[in-house]
Structure formats: structure tokens, C-alpha cells
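S.K.: Encoded as C-alpha cells, here's the structure I'll be asking about.
The values are calculated or read from the model by the stated rules, or taken from the named source; none is laboratory data. Worth saying up front: this structure is predicted, and the values here are computed from it rather than measured. Virtual Cβ from ideal backbone geometry, glycine too; neighbours counted across all protein chains shown.
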Amino acid sequence: MNKRLVIALGGNALGNTPAEQLALVRGTARTIVDLVQEGYDVVIGHGNGPQVGMVNLAFEYAAGNGGGTPAMPFPECGAMTQGYIGYHLQQAIQRELAHRGLQRPCAAVITQVVVDRDDPAFSNPTKPVGMFYDQSTARRIAAETGYTFVEDAGRGYRRVVPSPEPKKIVELPIVEQLLDRHSVVITVGGGGIPVVAAEDGGYEGVAAVIDKDRASARLALDLEADMLVILTAVEQVMINFRSPNEKAVGAMTVAQARQWAAEGHFAPGSMLPKVESCVNFVENSRGGTALITSLDKAREALQGLTGTRITC
């Protein structure tokens, strides 16, 4: 039986515009298909922070400036980005699979993820979305719209929205069926469309963004994956980041990860949710391990040559 990998793609694997993304996903597809060629069954999750902010802003601007379009609810903006990012990824992966003569289907599944309507995240928005602004511009937009902005890792100010915990993946049975047929599956895009249970037995969307690493960890647990792989901009996790005694970490236990997190080594909104997602998966899986590395080093990291591996 092939080993199952759940891969969470960071923003560096995608792009801030559709044209930029089309170019970037070609390289992303090569990395994914490298792993398929080595015998892994691959499921892909991805973020959508810049994209969902861009779509939401475009609709709001058009609605308020004579564009004749309605304002678009935030869950629908998430669904739109999930669709077009999935389309770009599946097209690039299909092309790369065909180029190598690999007979594997690839499909993107529009995915709803259930959250708790009483999650405290709804009263404390923390998830960055959309563009970076300088402080004065962020303050002006906040005054006009009521949005909340925070400084994001020294790169500028971004809008933040609630980021509730993922509880259940609605389309999980469909993902399992595709994976059982060795399809390459793209799912929980943007962390999934956040929904809550409705009185009629269905679901209704809520204005939030689920962290894609947490959603990917939930997916990996539910699929009983062998490994959760989080691909980001750095080859290895660092402690004492950007200080004279900065150090790359090749491996850490769950206990070490918790200690370093408590000591403030991992930035909130950046490396911290990645490490926490890995800890959650490793602790609750049946012998699973987690790996954090960069997109271009994924193959070497799975061979144990680089990356940061998290184990019990």
C-alpha cells in the first residue's frame, strides 16, 4: 500500500495574481509529481490569504464605486479562490503527470469545513488576509470599513479575520474515495470554506478563514495519513530566528516543540501555527510524523537529508 502524504502548500507555492500563480504552480507541480513518481499517494491543501482578500476587496470596491456588482459574502469569496487555485493546481499537475507518462487522475474538491459557531476566534480575529499596507493606509481603511488590521512579521499591516478551529471535513468521504483510487487530490483549499451546522440539517457559511495548516492536520488525521508535510518559504525551522545565535533544527520532539513555542521562538501567524499543526497531528495519529521544509527541498527532506521532522 502506498504511503499517504498530506501536503500543505504555503503562499510561496502560489501567487498574488492569477498570472503570477499560473507561472509558479508549474514548479509546484513538478515537486508534487516527483513525490507521486516515488510511490506516494498525495493529498494537497493550500492557503488563500492573499487571494481571498483580493477577491473580497475587488467586489467591495466595485459595489461601492459604481461597478453595479453586489458585495460578495466572505464565504463565497473563499469558495471562489478555492475554485480558481484548485483549477490552476490541477491543470499544472495534470500536465506534469502526462509529460512523465504517469496515469494518475487529479481532481480539486470544493471543500466545506465545519467550525463551532461559539469558537472564541470569532471575537478575536487573528488570520491575515489580503494585501500589505503601510500604517497610515491601514488606519484609513479600518476607519472606513471597521476592519481590524495588525502588523504582520515586519512586512506591513494586513487585515485580520477570525480563524476558528476545524472540526470536521464535510467532503471527507469523497476525498477518501479518490485517494483509494490513487488520485492526486486537492482539497481543504484555503483551509476549507468555514461552515456551521444549520437547523435544517445542512450547513451555512460564516465569515472567517481557517488556517490551512490546521485544516491540513485535521485532514491528515482523518485520512490516517503517514505524514503531514508543510511546505513553506524556509528549508528548516529556526530557533532564535534572526538573532546572532540563530540555529536550524533538523528534528524535534513534541515536547521540544512545545517548549520552544512557549519561549516565543515561533512567530504567531507565521511559523507557530505550522509547528502547532504538526504537534497536533503527531500526538493524535497512529505513528505519523510531520515535516516542515521548503517546496524545492521536499524530495530531499522526505529522504531525511534536510527539513525539520517532528516526532513523539
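S.K.: Please pick out the residue among 47, 83, 11, 39 that is out of contact with any helix residue (DSSP H, G or I) (no Cβ under 9 Å at 6 or more places or on another chain) and within 30 Å of residue 149 (Cα to Cα). I'd like the intermediate steps shown before the answer.
M.R.: On the way: 47 fails: out of contact with any helix residue (DSSP H, G or I) (no Cβ under 9 Å at 6 or more places or on another chain); 11 fails: out of contact with any helix residue (DSSP H, G or I) (no Cβ under 9 Å at 6 or more places or on another chain); 39 fails: within 30 Å of residue 149 (Cα to Cα).
Checking each option against the conditions leaves just 83.
S.K.: Sticking with this structure for a sec: What's the total number of residues in the range 197-215 that are acidic (Asp, Glu) and surrounded by fewer than 18 Cβ atoms within 10 Å (Cβ to Cβ)? I'd like the intermediate steps shown before the answer.
M.R.: Within the range 197-215, the subset acidic (Asp, Glu) is 199-200, 204, 211, 213.
Then drop every residue that is not surrounded by fewer than 18 Cβ atoms within 10 Å (Cβ to Cβ), which leaves 199-200, 204.
Qualifying residue count for the region: 3.
S.K.: So, one more: Out of the range 143-196, which residues are surrounded by fewer than 18 Cβ atoms within 10 Å (Cβ to Cβ), in a strand (DSSP E or B) and within 17 Å of the chain's Cα centre (by Cα)?
M.R.: Scanning the range 143-196 gives a single hit, 168.
S.K.: Of all residues in the range 213-246, how many are free of Cβ contacts under 8 Å to residues at least 40 places away in the same chain and in a strand (DSSP E or B)? Steps first, answer last, please.
M.R.: First, the residues of the range 213-246 that are free of Cβ contacts under 8 Å to residues at least 40 places away in the same chain: 238-246.
Next cut, in a strand (DSSP E or B) only: 238-239.
The number of residues fulfilling the criteria is 2.
S.K.: While we're on this one: Does residue 108 satisfy the condition of being surrounded by 19 or more Cβ atoms within 10 Å (Cβ to Cβ) and either within 20 Å of the chain's Cα centre (by Cα) or among the hydroxyl-bearing types (Ser, Thr, Tyr) (or both)? Explain how you work it out, then say what you get.
M.R.: Values: surrounded by 19 or more Cβ atoms within 10 Å (Cβ to Cβ): yes; either within 20 Å of the chain's Cα centre (by Cα) or among the hydroxyl-bearing types (Ser, Thr, Tyr) (or both): yes.
It is true that residue 108 is surrounded by 19 or more Cβ atoms within 10 Å (Cβ to Cβ) and either within 20 Å of the chain's Cα centre (by Cα) or among the hydroxyl-bearing types (Ser, Thr, Tyr) (or both).
S.K.: Name the residue that is modelled with the lowest pLDDT, counting only residues in the range 1-14 that are outside any helix (DSSP H, G or I) and surrounded by fewer than 19 Cβ atoms within 10 Å (Cβ to Cβ). Write out each step before concluding.
M.R.: The initial filter retains those residues of the range 1-14 that are outside any helix (DSSP H, G or I), namely 1-10, 14.
From what is left, the residues that are surrounded by fewer than 19 Cβ atoms within 10 Å (Cβ to Cβ) are 1-4.
Numbers: 1: 72, 2: 86, 3: 94, 4: 97.
Filtering first and then ranking leaves 1.
S.K.: Continuing with this model, one more query. Please count how many residues of the range 196-219 are in contact with an Asp or Glu (Cβ under 9 Å, 6 or more places away or on another chain) and within 16 Å of residue 83 (Cβ to Cβ).
M.R.: 1
S.K.: Could you pull out the residue among 267, 301 that is modelled with pLDDT under 95 and hydrophobic (A, V, I, L, M, F, W, C)? Working first, answer last.
M.R.: Values: 301 fails: modelled with pLDDT under 95.
Of the residues listed, the single one that is modelled with pLDDT under 95 and hydrophobic (A, V, I, L, M, F, W, C) is 267.
S.K.: Let me ask another. How about the range 41-126: which strands (runs of 3 or more DSSP E) wholly inside it have at least 1 residues that are touching a residue at least 40 places away in the same chain (Cβ under 8 Å) and in contact with a Pro (Cβ under 7 Å, 6 or more places away or on another chain)?
M.R.: Working: elements: 41-46, 106-108, 112-114.
Hits in the range 41-126: 112-114.
S.K.: Quick one: what pairs do we get from the range 20-40, first residue farther than 18 Å from residue 293 by Cα, second aliphatic (A, V, I, L, M) and modelled with pLDDT under 95, C-beta under 7 Å, 6+ apart or different chains?
M.R.: 21/14
S.K.: Among the numbered conditions (1) more than 25 Å from residue 20 (Cα to Cα); (2) touching a Lys or Arg at 6+ places or on another chain (Cβ under 9 Å); (3) part of a helix (DSSP H, G or I), tell me where residue 140 comes up short.
M.R.: Here residue 140 clears every test but (2).
S.K.: Select from the range 105-131 the residues that are modelled with pLDDT under 95 and touching a helix residue (DSSP H, G or I) at 6+ places or on another chain (Cβ under 9 Å) and list them in ascending order.
M.R.: Passing the criteria: 127, 128, 129, 130, 131.
S.K.: In this structure, is residue 237 over 27 Å from residue 114 (Cα atoms) and crowded, with 23+ Cβ neighbours inside 10 Å? Spell out how you get there, then give the answer.
M.R.: Values: over 27 Å from residue 114 (Cα atoms): yes; crowded, with 23+ Cβ neighbours inside 10 Å: yes.
Answer is yes for this residue.
S.K.: For the range 16-40: of the residues being in contact with a strand residue (DSSP E or B) (Cβ under 9 Å, 6 or more places away or on another chain) and assigned to a helix (DSSP H, G or I), which is surrounded by the most Cβ atoms within 10 Å (Cβ to Cβ)? Let's see the steps before the verdict.
M.R.: Filtering the range 16-40 for residues in contact with a strand residue (DSSP E or B) (Cβ under 9 Å, 6 or more places away or on another chain) gives 16, 28, 31-33, 35-36, 40.
Then keep just the ones that are assigned to a helix (DSSP H, G or I); that gives 28, 31-33, 35-36.
Working: 28: 26, 31: 19, 32: 29, 33: 24, 35: 19, 36: 21.
Looking at residues that are in contact with a strand residue (DSSP E or B) (Cβ under 9 Å, 6 or more places away or on another chain) and assigned to a helix (DSSP H, G or I), I get 32.
Residue by residue, here is whether (1) among the aromatic types (Phe, Trp, Tyr); (2) surrounded by 15 or more Cβ atoms within 10 Å (Cβ to Cβ); (3) touching a strand residue (DSSP E or B) at 6+ places or on another chain (Cβ under 8 Å) holds:
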site	(1), (2), (3)
254	no, yes, yes
263	no, no, no
266	yes, yes, yes
269	no, yes, yes
277	no, yes, yes
280	no, yes, no
310	no, yes, yes
